[in-house]
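The structure appears right after this line, and notes come after that.
No value in this document is a laboratory result; all are computed from the given coordinates. Computed from a prediction, not measured in an experiment: that's the story for all the values here.
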Amino acid sequence: MSDLLFRPLEAGEFDLFHRYGPLPASGVGTWPLSFDERDYRPGWVWVALRGDEVVARAAFWGPRGSERPYSLDWFDPGLGPDRIEVGAALLRAAHAVLPAPEGTGERPEYHLVLPADWHERPEAVADATDRIRGAEQAGWRRSVERLNLRWTPEQGLPPRSTRLAFTPADDDRLVVDLLVRVLEGSLDAWDRRTLAEQGARETAKGTVAAVAGMAGGRGRWRLARDASGELVGIVMPTRNDRSATVGYVGVDPAHRGHGYADDLVTEALHIFTAEGAPEVNDNTDVGNAPMAASFARLGYHVMGRRMILI
């Protein structure tokens, strides 16, 4: 690989990123939205050059205004026989100089976008395997596969809950105490990993901070109580940079088994519909079958999958 040059792009050089090709016909690694140069800084977008040919590329993303990348969104290791080694070398070169994510020494997460049926299509499996192997050789490791889900008003707005009463979730102590309980038995991979590393209270505080820091703020958050006044759960509707999303939903273990997740998400959908949101985009771990089933009952459709490597 001595004939390769690995370097970040400078301002005005994004044509190099788009010069890479051909893109996988399988749809692996291709985000549903086009590459927006406003979301990717020149120093966070890297290419591997063999002469004038772009043989591999990688683009790291961070929220606008952030000084540190949050995720690796685009990674194409090329098509040559040495593609795995080339891709891994490109990622290692970028990781060596990019700042680590805020508050951790870990590398940015790699979000590999996948078609919904990728497991059943050999060409998609091959394209995904190339990217996973390249990232793993560079130090990333597989964490979880997630379902990308979307709800639109055309699916029909479920009726609002008649068994729960909703109030603003503006008491941080109450919210954190509830989330500490919600974490018990969580099927969410991020919750479980952070719980093991930091404990329940710090994980709960981190969840509050992370969702509150999203573009939608916390004005839509709601606590849910049953007819007796007992606190049942919480839903944190918000917005990311692109659309409405249910930032977090959780049911107290003492009240699980009654389908309350449906009521909580439905409340979020009513809030978003009243605001005129054209769509709501959410995701859940493949292993979180109860939450996936709840989204399906409410009319969400699986738009694709995402493999997360850390």
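Converting phi to 3J(HN,Hα) with the Karplus coefficients 6.51, -1.76 and 1.60 and the offset θ = phi - 60°, segment 279-293 yields 7, 10, 10, 9, 8, 8, 5, 4, x, 8, 4, x, 6, 4, 5 Hz in sequence order, with x at every glycine or proline. Residue separation of Phe14 and Ala296 scaled by 0.36 nm, minus their Cα-Cα distance, works out to 97.6 nm of gained length. Every Cα-Cα pair in segment 224-310 was counted, and those over 15 Å apart are 61% of them. Just so you know, the averaged projected area of the alpha carbon convex hull for segment 21-89 sits at 5.3 nm².
With viscosity 0.692 mPa s and temperature 37 °C, the Kirkwood radius over alpha carbon pairs of segment 153-302 converts through Stokes-Einstein to a diffusion coefficient of 212 µm²/s. Helices in the chain, meaning DSSP H runs of at least 4 residues, each add -39500 (n - 2.57). Divided by all residues, the mean residue ellipticity at 222 nm is -9500 deg cm²/dmol. For Tyr248, the residues 5 or more places off, or on other chains, whose built amide H falls under 5 Å of its own are Met236. Show log10 I(q)/I(0) for segment 4-50 at q = 0.13, 0.17, 0.18 Å⁻¹, two decimals, from a solvent-free Debye sum over equal Cα scatterers. Result of the Debye calculation: -0.33, -0.56, -0.63.
Note that segment 23-29 has calculated 3J(HN,Hα) couplings of 7, x, 5, 6, x, 5, x Hz, one per residue in order, obtained from phi through the Karplus relation 6.51 cos²θ - 1.76 cosθ + 1.60 (θ = phi - 60°); glycine and proline are x. For segment 5-140, taking Cα atoms only, Rg and Dmax work out to 14.1, 40 Å respectively. Computed over the chain, the P(r) curve from all C-alpha pair distances, binned at 10 Å from the origin, holds 6, 25, 32, 22, 12, 3, 0, 0 percent per bin.
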